[in-house]
Amino acid sequence: MTDPHRPASSDDRAVPGDAPTGEDALHVRRAWELALENVEDGGRPFGCVVVEASTGEVLAEARNQVAQTGDKTAHAEVVAIRELAAEGRDTLEGCDVYVTAYPCPMCLGALYYAAPRRIVFGATREQEDEHYEDGNDLFRLRTFYDEFAKAPADRALRAVQVQPQDPTRPFRAFTARHGDA
């Protein structure tokens, strides 16, 4: 079984230069600086830098804003994606995303949707877990990935399906109007 905390060592999305570079180290260091600044300002220890891979241009820098806003989804990666979306960018294709630690499941899901070229991270989830816990009654970071392997009825957060008369109607309407977009 593959370790969900670590990226696969080789896959179809591998790109030339996947080995970390000096530029990668600089951008991860900047993500760490953002995280440390955020801690000093009363926030959580996470930063994110989004870079256009072909040019090296920094497109966004973001800090986790959960403590500042009360928005549980305001993780650094999501904040960066939202900032770029507000500027009209609906994808991170061709970008590298630099983060303080390997993304949590929510951020990882958001990044899969945003489709960057790659994620470059400083700390593993295990390294983070030695010094920081960000869970609640439903999960702990060290077990959060395990929740997704469970059947919905077995998860800490229960999910109950109520079937309307035609549960697939909104999806058929979308496909009819937009195709397979």
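The values are calculated or read from the model by the stated rules, or taken from the named source; none is laboratory data. Predicted, not measured: the structure shown is a model, and the values here were computed from it. Note that each Cβ is placed from the backbone with ideal geometry, even for glycine, and that neighbours are counted across all protein chains shown. Keep in mind that these areas ignore ligands, DNA and RNA; they rest on the heavy atoms of the full protein, side chains included. Shrake-Rupley method; radii C 1.70, N 1.55, O 1.52, S 1.80 Å.
GNM, the chain, Cα, under 10 Å: largest mean-square fluctuation among GLN65, GLN165, GLN127?
It is GLN165.
Quick check: the angle from helix 76-86's long axis to the longest principal axis of the chain, C-alpha only, nearest 10 degrees?
Value to nearest ten degrees: 80.
With every protein chain kept in place and ligands, DNA and RNA left out, what is the accessible area per residue of the chain? Probe 1.4 Å, answer in Å².
Details: 11640 Å² over 181 residues.
With all protein chains present, the chain gives 64 Å² per residue.
Rounded to the nearest 0.05, what FRET efficiency do ARG177 and THR73 have when you use their Cβ-Cβ distance and R0 = 30 Å? If you can, show how the numbers build up before the last one.
Working: r = 28 Å, r/R0 = 0.93.
For ARG177 and THR73, the calculated efficiency is 0.60.
Given Cβ point charges of +1 (Lys, Arg) and -1 (Asp, Glu) and nothing else, what value in debye, to the nearest 20, does the dipole of the chain about its Cα centre take? Intermediate results must be reported in sequence, preceding the final value.
Values: 20 positive and 32 negative charges, 154 e Å.
The calculation lands at about 740 debye.
If I model a spin label at ALA153 and THR168 as a point 7 Å from the Cα along the Cα→Cβ vector, what separation in nanometres do I get?
Spacing of the two 7 Å Cα→Cβ label points: 2.3 nm.
So how do 68-78, 166-176 stack up, highest first, on mean other-Cβ count within 10 Å? Don't skip to the end; give the middle numbers.
Values: 68-78: 17.5, 166-176: 9.8.
Ranking, from highest mean packing down: 68-78, 166-176.
With all protein chains present, how much of the accessible area of the chain (probe radius 1.4 Å) comes from carbon and sulfur, to the nearest whole percent?
Working: 6310 of 11640 Å².
The computed percentage sits at 54.
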